[in-house]
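Quick one: the structure is below, questions incoming.
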Amino acid sequence: MKTLRAMGVGALLWILIFIEISITMIGLKFSDVVIWIVHYILLVPIVVFCAWLYYKSGDKVNGFLLGLIMLIVGIILDVIITVPLFNNMNYASYFSNLYMLAGFLESVVIVGIYDLVRKK
């Protein structure tokens, strides 16, 4: 496994999601429900792009493991940047949001499925 590459792709995933959420929340001012629906839909191509970017190097790491590494990098960036700047240092409410936890699970599963599909 190329750990540094996996961490870089995880950071890219976090940046792309940050941009997507910023556009839907701040730019377009969608309601909370619409933001999450749009997020779940857009998460699929964003995560597939990041997985493709990682796997084009020819690495054969398990997709679910890669998804977890990408998720951990995103969570660390959320702890360092997102929560202090946008959630008034309220880590408990941020990380107990069920919609966010579903997005975490979705991203790991998408990378795992991408890996399984690309092997065929």
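We did not get these values from a lab; they are worked out from the coordinates using the rules stated. All figures in this text were calculated on a predicted structure; none of them were measured in a lab. Heads up, the Cβs are rebuilt from the backbone with ideal geometry, glycines too, and the neighbour counts pull from every protein chain shown.
Summing -39500 (n - 2.57) over the DSSP H runs of n ≥ 4 in the chain and dividing by its residue number, what mean residue ellipticity at 222 nm do you reach, to the nearest 500 deg cm²/dmol? Display every interim value, and only then the final one.
Details: 6 runs with 90 residues, N = 120.
Counting only the DSSP helices, I get -24500 deg cm²/dmol.
Given points 7 Å out from each Cα along the Cα-Cβ axis, report the VAL34 to VAL79 separation in nanometres with one decimal.
Spacing of the two 7 Å Cα→Cβ label points: 3.5 nm.
Further, regarding this structure: Pull up the cross-link candidates among the lysines for LYS56, meaning alpha carbon to alpha carbon under 27 Å and not fewer than 8 places away within one chain.
Counting by Cα, and skipping residues close in sequence, LYS56 has these lysines nearby: LYS2, LYS119, LYS120.
Among (1) 83; (2) 230; (3) 95, find the value of volume of the Cα convex hull per residue in Å³ that was calculated from the structure presented, and write down its label.
So the calculated entry is the one marked (3).
Further, regarding this structure: Where does each of 101-112, 81-92 land if you order them by average Cβ count within 10 Å, highest first?
Packing proxy ranking, top to bottom: 101-112, 81-92.
Something else about it: Gap in Å between the Cα centre of region 84-115 and the Cα centre of region 40-54?
If you average the Cα positions of each part, the centres end up 15 Å apart.
Under 1.5 on a/c is rounded, so check that first for region 6-57, then, if it is not, pick prolate when a/b is larger than b/c and oblate when it is not; a ≥ b ≥ c are the square roots of the alpha carbon gyration tensor eigenvalues.
Prolate.
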